[in-house]
């Protein structure tokens, strides 16, 4: 609801007065270390912020950090909530709308994802160009809050073209391999079956995960420009002989984080 986001904004602003972030960041599994690069940082545990709920998933620190990346004022969420944890739509909306109320104009999302392509194995990055929502849910279900956006809105440019072009240029200049593709969000918490992966491949999906799409929907509803990058942590089910585990997700996420950090730094310089 509107009140929850406003209460969170007021509390956060008291912790770091006269600070207006331009960039919002959400860091997925194994990627939280990126937040340690923020300068003049103020760190606030989710549990202290009204309307924020502590995540229950390993690899999600559950803290909000305010600071500067290459001189760009930024607010970073270290960890996110997922539907499979049992949280409701209001929690997702509060997180994203708080970033908007703090002053953020751009939302840079990261996640850990499984690749559907042998030539994009663990350790690579994939910029999301579009998504398919297979979660069977939408965070905007229920009464619309006109204070943030209209009841009906388009998703043709869910992932901002100009920001994607900037990210592509940054990756090229840094000589980083940045794949591009369609991300499919599934509910989880179990990994997909090999049959599901084969079906998703037929639909044109390039990577799978259990997050991000609800955040994109809320962000676009309230006018935030969105760019998103998946850290590939594994080949999807049935594509190799290794069993999928969350531990491997965290391990490969940490490896990909070093590349992601370079990409994000270059991106902020471009801003």
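Among the conditions (1) in a loop (DSSP other than H, G, I, E, B); (2) buried (at least 17 other Cβ atoms within 10 Å of the Cβ); (3) modelled with pLDDT under 95, residue 92 misses just one, which is (1). When we screen 129, 98 for residues that are surrounded by fewer than 17 Cβ atoms within 10 Å (Cβ to Cβ) and modelled with pLDDT of 95 or more, the only hit is 129. The strands (runs of 3 or more DSSP E) found entirely in the stretch 1-73 that carry 2 or more residues being at pLDDT 95 or above, surrounded by fewer than 21 Cβ atoms within 10 Å (Cβ to Cβ) and more than 15 Å from the chain's Cα centre (by Cα) are 39-45.
The requirement of being part of a loop (DSSP other than H, G, I, E, B) and closer than 28 Å to residue 52 by Cβ is fulfilled nowhere in the stretch 114-133; no residue meets it.
The residues listed here are 79, 123; of these, the one that is surrounded by fewer than 18 Cβ atoms within 10 Å (Cβ to Cβ), closer than 24 Å to residue 33 by Cβ and at pLDDT below 95 is 123. Residue under question is residue 140, and the condition is that it be modelled with pLDDT of 95 or more, touching a helix residue (DSSP H, G or I) at 6+ places or on another chain (Cβ under 7 Å) and part of a loop (DSSP other than H, G, I, E, B); does it hold? Spelling it out, residue 140 is indeed modelled with pLDDT of 95 or more, touching a helix residue (DSSP H, G or I) at 6+ places or on another chain (Cβ under 7 Å) and part of a loop (DSSP other than H, G, I, E, B). Total residues in the stretch 143-174 satisfying the condition of being touching a strand residue (DSSP E or B) at 6+ places or on another chain (Cβ under 7 Å) and assigned to a loop (DSSP other than H, G, I, E, B): the figure is 3.
The values are calculated or read from the model by the stated rules, or taken from the named source; none is laboratory data. Since the model is a prediction, treat every value here as computed from it, not as a measurement. Every residue, glycine among them, receives a Cβ derived from its backbone with ideal geometry; neighbour counts consider all protein chains shown.
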